[in-house]
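Readers should treat all values here as calculations from the given coordinates under stated rules, not as data from a laboratory. For clarity, every value in this text was computed on a predicted model and none was experimentally measured. For neighbour counting, all protein chains shown are included, and Cβ atoms are generated from backbone atoms with ideal geometry for every residue, glycine included.
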Amino acid sequence: MPDFAYIARSSTGQRVTGTLTAPNERDVLSTLMAKSLFPLEVKAESAAMTFGGTRIKPQLMATTYGQLAGLLRSGVPLLRSLAVLRDQSSHRGLKEVLTQVHAKVEEGSTLADAMLRHPKAFGEMAVNMVRAGGEGGFLEDALERVAVFTEQQEDLKSRTIGAVAYPVFLAAVGTIVVTVLIVFFVPMFEPLFAQLKQRGELPAITEWLLGLSATIGSPWSLIPLLGLVMGIVWLRVWLRTDEGRLSSDQFKLRLPMVGRIYMSMAVSRFCRVLGTLLHNGVPILRSLEISSQATGNRVLGNAIRKAAENISSGQTLAAPLAACGHFPPDMVEMIAVAEESNTLETVLINMADQLERRTWRQLDLFVRFLEPVMLLMLAGVVLVVAIGLLLPVMKMSSIVQ
């Protein structure tokens, strides 16, 4: 919701200024009148963003969620808890964010609305779970769940980065080695092959290799390189649009091997968030709305929202999830059985654990397959360069003999 800056006078004639978060200007006026304030000026203002535009690390945010939940569970009021966390924080960006959140809550905003103003600090899933916790009276549990969920996702992300680090290193080293060979090493042999080239006896692979080396080493090669850079910049801008994000998510799901891993991670996030919300008594439709945003994939999120529409018409959860075609059949069967036995929240959390373990096994298998493939590709490129240089040398030796 937008923020509105206002100037008003109290019943005693005192000038009062501040900001309010409301859907529209009419609601701001109603709120001011309810506080016995006479509005003089109401103007919309842009929402504040994270301090300095920096992104706060999720691990630090997980600790903050846990500390805030602990303070609230100990009976400390929300405003006092935010002030304690703000004063104790040694991170400058987090301190500024907590200062702004404290100010908005003090003005009357909910904690979720105050968090929503800082999208680089508080994720969409965290805001929605806090909103549901505030509405359902289990804010402490919601914050604890967000902390645990954030830590789990960061652990999975760090394990994933650690697993693919070596293949990425091989790809980078291989690219550098091949570029150096083609740009600096291959041209050294061109004068030796001039006689064979004049006689038309230079092997085709050698001619192609020399041509590639001349093309890459030419100043004109900067033009396609500049075009590539411009294309990457345009792609990054396009991927920030709704259409670009949807297309990107569809492309990720269609990738061989990687698509299955990506889908498993998204489904496990959905199961964990949905199970957590149902366990805390959040209605099924509201839980589906929040969990659809926690998947991190717009294709899957749209399918879940469509399933919510079918549920509102009286269907079970398993039927529309099976119809969308993105959920594993064994998972749909378990959901159907859980709905009949009224243990859906427990089954969903157990499935999230199983999917995460399965995802890690798939990722480990993919990395083990990727490492030899990268080595073979690097060896193959070096072999092509070696053959392209050795064939004319051998032919020249045979001519001399």
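Numerical summary
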item	result
Selected from P167, P256, P119 as most flexible by GNM, with the chain as the system and alpha-carbon contacts under 10 Å	P256
Cβ-based exposure ranking for M377, M61, in which fewest neighbours within 10 Å come first	M377, M61
Cα-based convex hull, the chain, per residue volume (Å³, whole number)	207
Of V229, P119, N297, farthest towards positive along the dipole that unit charges on Lys, Arg, Asp, Glu beta carbons give the chain	V229
Dipole moment magnitude, nearest 20 debye, the range 169-284 about Cα centre, only Lys, Arg, Asp, Glu C-beta charged	520
For the range 131-194, the Rg and Dmax computed from alpha carbons only, in angstrom	26.1, 83
Separation in nanometres of the label points that stand 7 Å from Cα toward Cβ, at A83 and W220	7.2
Ranked list, fewest to most other Cβ atoms within 10 Å of each Cβ, for E371, E151	E371, E151
For the range 3-45, with +1 on Lys and Arg beta carbons and -1 on Asp and Glu, the positive-most of V16, A5, S30 along the dipole	V16
Furthest towards positive pole of dipole, V381, F369, T359, structure part the range 278-381, Cβ charges	V381
Histogram of C-alpha separations across the range 3-45, 10 Å bin width, %	34, 58, 8
Burial order of peptide ranges 75-82, 259-266 (average beta-carbon count within 10 Å, highest first)	259-266, 75-82
Residues whose placed amide H lies under 5 Å from that of G18, excluding near-sequence neighbours	Y6
Residue exposure sequence - S74, S30, S89 - by fewest surrounding Cβ within 10 Å	S74, S30, S89
Under the Karplus curve 6.51 cos²θ - 1.76 cosθ + 1.60, θ = phi - 60°, whole-Hz ³J(HN,Hα) for the range 193-202, x wherever Gly or Pro sits	9, 4, 5, 5, 5, 5, 7, x, 9, 6
Mean Kyte hydropathy of 0.0 or more with a Cα span along the axis of at least 30 Å, helices from DSSP in the chain	139-180, 258-279, 344-400
Estimated dipole of the chain in Debye, rounded to 20 [Cβ of Lys and Arg +1, of Asp and Glu -1, Cα centre]	760
Where a label projected 7 Å from the Cα of E340 along Cα→Cβ would reach, residues of the range 289-319 with amide N under 16 Å	316-319
Top of R361, R199, R240 by mean-square fluctuation, Gaussian network on the chain, Cα under 10 Å	R199
Listed residue pairs exceeding 20 Å between alpha carbons, taken from K43/K104; K35/K95; K35/K104; K43/K120; K120/K252	K35/K95; K43/K120; K120/K252
Listed residues G137, G70, G217, most fluctuating in the chain (Gaussian network, C-alpha, under 10 Å)	G217
Gyration tensor verdict on the range 51-122 (Cα atoms; rounded if a/c is under 1.5, prolate if a/b is larger than b/c, oblate otherwise)	oblate
Mean-position separation - Cα centroids, the range 145-183 and the range 281-300, in angstrom	29
